[in-house]
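> This is the structure I have questions about; it appears just below.
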Amino acid sequence: MESRSRFLGCLLGGAVGDALGASVEFMSFEQIRKAHGETGIRDFAPAYGKAGAITDDTQMTLFTAEGIIRALVHGSIKGYCDPFETMRRSYLRWFITQNERPPVEFRPDGWLITQKELFRRRAPGKSVMAALQEGGYHPNDPPGNDSMGCGGVMRVAPVGLLMEHPFEFGSKTAAITHGHPLGQAPAGCLAVLIRAIAEGADIEDATKAARESAKEFSKQVDLIDQAISLSQSDALAWKAIHSIGGGWTAPDALAIAIFACLRGQTLEEAVVIAVNHDGDSDSTGSIAGQIMGTLQGSEAIPERWIESLELKSVIEQVALDLYAWHESPPTAEQIAADWWVRYPGS
């Protein structure tokens with residue numbers, strides 16, 4: 001499969017999973033079935049005033065991608081860059097889109113923050129908001145909190161597409177807002193999983209790679225093992241997910257998404273499985289969509305979902321910018337003429 005399709009599939013797949021889960025995020029599976037039928041939700045339903053609306057999961061994924069590109073731009077021109085300081089500032093730009101004021105002053109420059117549709121508050125995580133209210137934490141400093149919420153893992157898929165040392169980079173990216181080791185390691189695992197798939201691994205081998213990367217974190221390993229075992233059982237999907245957890249914390253959010261991707265044969269099936277449960281449906285749907293989108297490419301995403309997806313063109317552009325850097329890193333002249341304007345190295 002062409003890398004271009006994988007890059008588009010990762011970001012668009014995550015976005016459609018996010019949008020499918022958005023309207024049922026705070027519902028039990030019983031409530032979902034009452035609203036959408038015995039098999040649960042299968043198509044976009046109104047959330048935040050529209051069908052196809054994305055949430056903070058996709059918003060922050062876009063700003064993760066922005067932070068990566070800005071770090072590469074800065075490093076290419078200046079010769080050195082602290083990528084996590086650059087990423088922290090990207091998340092503070094996202095914080096501004098939530099009608100919040102960062103505690104530090106800087107120019108909200110660049111292309112992404114000019115997209116007015118991003119200025120929508122879509123139930124952002126409490127740990128993320130509290131951390132960014134303090135300016136975010138540098139991962140090399142002492143932890144600023146003890147959170148292991150899923151807000152760190154749901155946004156890091158772009159790390160796996162482009163950055164070297166994906167486990168370390170993904171974990172440290174999550175550490176900007178989540179201080180607990182189990183709020184960070186699952187992000188590293190997801191980045192490893194995405195990288196393995198992007199390089200041609202199937203879902204089973206990619207899962208093994210993610211599991212191996214987490215070997216120092218027994219809780220995550222146990223949950224991945226449980227997800228693998230349940231995916232091979234005849235347990236009903238929603239009951240299997242219930243036994244893993246609700247997806248509110250990073251370790252079980254990742255495990256639920258892995259279960260859905262191992263159980264489902266297509267992106268659509270995996271995402272539907274990932275959102276129909278009692279817990280954090282948009283985050284588990286987003287992670288499953290990122291994984292399956294990388295695996296099966298953008299062509300695997302149902303057209304009916306793509307047609308009504310909020311911010312579709314922005315998501316595509318960010319994915320293509322990541323792909324362009326991956327395929328052929330720009331020259332210094334190209335960076336100065338174009339990339340520095342859209343992704344200033346700050």
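> Yes or no: the range 257-270 includes at least one residue that is surrounded by 20 or more Cβ atoms within 10 Å (Cβ to Cβ) and touching a Pro at 6+ places or on another chain (Cβ under 9 Å).
Checked against the condition, which is being surrounded by 20 or more Cβ atoms within 10 Å (Cβ to Cβ) and touching a Pro at 6+ places or on another chain (Cβ under 9 Å), the range 257-270 yields at least one hit.
> Modelled with pLDDT under 95 and either part of a loop (DSSP other than H, G, I, E, B) or not basic (K, R) (or both): does that describe Q265?
yes
> While we're on this one: Return the residues of the range 172-226 that are in a helix (DSSP H, G or I) and of a type in the set (S, T, N, Q); say none if nothing qualifies. Break it down into steps so the answer makes sense when it comes.
Here is the first cut: in the range 172-226, the residues in a helix (DSSP H, G or I) are 172-174, 181-198, 203-213, 218-226.
Those that are in a helix (DSSP H, G or I) and of a type in the set (S, T, N, Q): T173, Q184, T207, S213, S218, Q220, Q226.
> Still on this structure, please answer the following. Name every residue in the range 144-171 that is surrounded by 16 or more Cβ atoms within 10 Å (Cβ to Cβ) and in a loop (DSSP other than H, G, I, E, B), in order of residue number.
Matches in the range 144-171: G144, N145, S147, M148, C150, G151, G152, V153, M154, R155, V156, M163.
> While we're looking at this one, here's another question. Check whether at least one residue in the range 223-232 is in contact with a Leu (Cβ under 6 Å, 6 or more places away or on another chain) and hydrophobic (A, V, I, L, M, F, W, C), and report yes or no.
Checking the range 223-232: not a single residue is in contact with a Leu (Cβ under 6 Å, 6 or more places away or on another chain) and hydrophobic (A, V, I, L, M, F, W, C).
> Then there is this: State which residue is surrounded by the fewest Cβ atoms within 10 Å (Cβ to Cβ) when the search covers only the range 309-337 and only residues that are part of a loop (DSSP other than H, G, I, E, B) and over 20 Å from the mean Cα position of the chain (by Cα). Steps first, please.
If we filter the range 309-337 for residues that are part of a loop (DSSP other than H, G, I, E, B), which is where we start, we get 309-311, 328-331.
With the extra rule that they be over 20 Å from the mean Cα position of the chain (by Cα), the set shrinks to 328-331.
Numbers: S328: 9, P329: 12, P330: 17, T331: 11.
By that ranking, first place goes to S328.
> Further question: For the range 90-127, give me each residue that is aliphatic (A, V, I, L, M), within 21 Å of the chain's Cα centre (by Cα) and more than 24 Å from K312 (Cβ to Cβ).
L92, the sole residue that qualifies.
> Pairs please, first residue from the range 128-143 and in a helix (DSSP H, G or I), second anywhere and at pLDDT 95 or above and of a type in the set (D, E), Cβ atoms under 9 Å, 6+ apart in sequence or on different chains.
Once the first residue is in a helix (DSSP H, G or I) and sits in the range 128-143, its partners that are at pLDDT 95 or above and of a type in the set (D, E) give V128/D56; M129/E100; L132/E100; Q133/E100.
> Go through (1) buried (at least 22 other Cβ atoms within 10 Å of the Cβ); (2) within 21 Å of V314 (Cβ to Cβ); (3) out of contact with any Pro (no Cβ under 8 Å at 6 or more places or on another chain); (4) not aromatic (F, W, Y) and name the single condition T61 misses.
(3)
> If I filter the range 25-38 for residues that are within 23 Å of I301 (Cβ to Cβ) and in contact with a strand residue (DSSP E or B) (Cβ under 9 Å, 6 or more places away or on another chain), do I get at least one hit?
Yes, the range 25-38 has at least one match.
> Can you tell me how many residues in the range 32-68 are in a strand (DSSP E or B), touching a residue at least 40 places away in the same chain (Cβ under 8 Å) and aliphatic (A, V, I, L, M)?
Total satisfying the criteria: 1.
> Restricting to the range 1-31, what's the tally of residues that are β-branched (V, I, T) and either closer than 17 Å to T64 by Cβ or not in a helix (DSSP H, G or I) (or both)? Quick ask: steps written out before the conclusion?
Of the residues in the range 1-31, the ones β-branched (V, I, T) are 16, 24.
Imposing the further condition that a residue be either closer than 17 Å to T64 by Cβ or not in a helix (DSSP H, G or I) (or both) reduces the set to 24.
Matching residues across the range 1-31 total 1.
The values are calculated or read from the model by the stated rules, or taken from the named source; none is laboratory data. Small disclaimer: the values here were computed from a predicted structure and weren't measured. Note that we place each Cβ from the backbone using ideal geometry, even for glycine, and neighbour counts take in every protein chain shown.
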